């Protein structure tokens, strides 16, 4: 499993230099473990993921669409598309409600994620 060999990583990895550490999360990790090509890239980052998304969009000569309420963004730069999220905890006021989110350490963010294989 070589994350650096994924399509677009030759552009994304250098663009991440100097930003807070970033982690591949979500379905892409599952797909890699199963030997499949990831369909989409989800990246988690401790710190200000929205500011990082704007910076990455500039570095990659692309654009960012942010979702401030959730601390997430989608960055598009040609054929490279990825979602960037600040590590967080979620609280739901009631079933079916949108989550209230606040920053949290990476370990807590990972614990809330579904990792069904």
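Things to note:
- Qualifying residue in the range 91-106 (condition: in contact with a helix residue (DSSP H, G or I) (Cβ under 6 Å, 6 or more places away or on another chain), modelled with pLDDT of 95 or more and over 17 Å from residue 9 (Cα atoms)): no
- Single residue of the range 40-84 satisfying the filter (touching a helix residue (DSSP H, G or I) at 6+ places or on another chain (Cβ under 7 Å), part of a loop (DSSP other than H, G, I, E, B) and at pLDDT below 95) that is surrounded by the most Cβ atoms within 10 Å (Cβ to Cβ): 71
The values are calculated or read from the model by the stated rules, or taken from the named source; none is laboratory data. Keep in mind it's a predicted model, so treat the numbers as computed, not measured. Every residue, glycine among them, receives a Cβ derived from its backbone with ideal geometry; neighbour counts consider all protein chains shown.
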